[in-house]
Amino acid sequence: MIDIASIGVSTVIDQNYRRKAQLCLSGLFVTVSIATVTWFIFPASQNVLAPFLLPAMFLLFTLSMGYYMFIFSCEEKSLVKNVLGMVEPAESVKRVHCQENIKSLLAEVRSTTKDRFRNVLVNLCFEDRSKAHKLALYVKEIDNIVSSIKNKDLLDHFDQFFTITEVSNKKNRSELMNLARAYKMISEEDPDKIQDFLATQTKSYSYEIMLPEIDNFLSQAR
């Protein structure tokens, strides 16, 4: 958040320094002006003023240029800080909110799912908050479908497909959700039939091959 009090204090201090610098420059300007007028009105004073007037004029010019360059740079920095002060904290707050939301959504999923997806999606909040939130919702939905599966071998077999790559792909995500529902239906069969099904799944087939095979298995099981 933007610290208004700190900005106020810094502004007051900055204004005090500016006033002091302006007073010093004004005093030096008046002194040089008086000396210059005296130089022209009273020629006899030129020998006395010569050692002091030119260095004083040079000093006045140098200090004035330095002062206004400093003021200009301060204004630029102040503008940049104000812009960053308004943008960065807002983005940071949104990012933190996204990360907390991801953690909350995945708080009740299986530990395997949490370990696989949470850090990836939390880090995604730095790049695309909307995508991170959307994927977290899909992960939670898919995990809710398969979390009731009691057969560990069947669940482990499904988890090999349950990856961030598959969830991130729109087409594969839809197929993955269908696969999750199919595995849940398989889990309701007798343990022997489940093992028979797993015995046929010696390779990680594509969804196009697996889903028809699962439909065939379920129709025969019934």
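The values are calculated or read from the model by the stated rules, or taken from the named source; none is laboratory data. As the structure is a computational prediction, the values presented were derived from the model and not from experiment. Here the Cβ positions follow ideal geometry from the backbone for every residue, glycine too, while neighbour counts run over all protein chains shown.
Condition test on Thr113, is it at pLDDT 90 or above and surrounded by fewer than 12 Cβ atoms within 10 Å (Cβ to Cβ)? Working first, answer last.
Values: at pLDDT 90 or above: yes; surrounded by fewer than 12 Cβ atoms within 10 Å (Cβ to Cβ): no.
It is false that Thr113 is at pLDDT 90 or above and surrounded by fewer than 12 Cβ atoms within 10 Å (Cβ to Cβ).
Among (1) touching a helix residue (DSSP H, G or I) at 6+ places or on another chain (Cβ under 8 Å); (2) over 20 Å from Ile194 (Cβ atoms); (3) loosely packed, with under 13 Cβ neighbours inside 10 Å, which single condition is Lys171 missing?
All conditions are met except number (1).
Look at Ser187 and say whether it is of a type in the set (Gly, Ala, Ser), surrounded by 12 or more Cβ atoms within 10 Å (Cβ to Cβ) and modelled with pLDDT of 90 or more.
yes
Kindly indicate whether Ala199 is surrounded by 16 or more Cβ atoms within 10 Å (Cβ to Cβ) and either out of contact with any Asp or Glu (no Cβ under 6 Å at 6 or more places or on another chain) or not in a helix (DSSP H, G or I) (or both). Full working, then the answer.
Details: surrounded by 16 or more Cβ atoms within 10 Å (Cβ to Cβ): no; either out of contact with any Asp or Glu (no Cβ under 6 Å at 6 or more places or on another chain) or not in a helix (DSSP H, G or I) (or both): yes.
In short, no.
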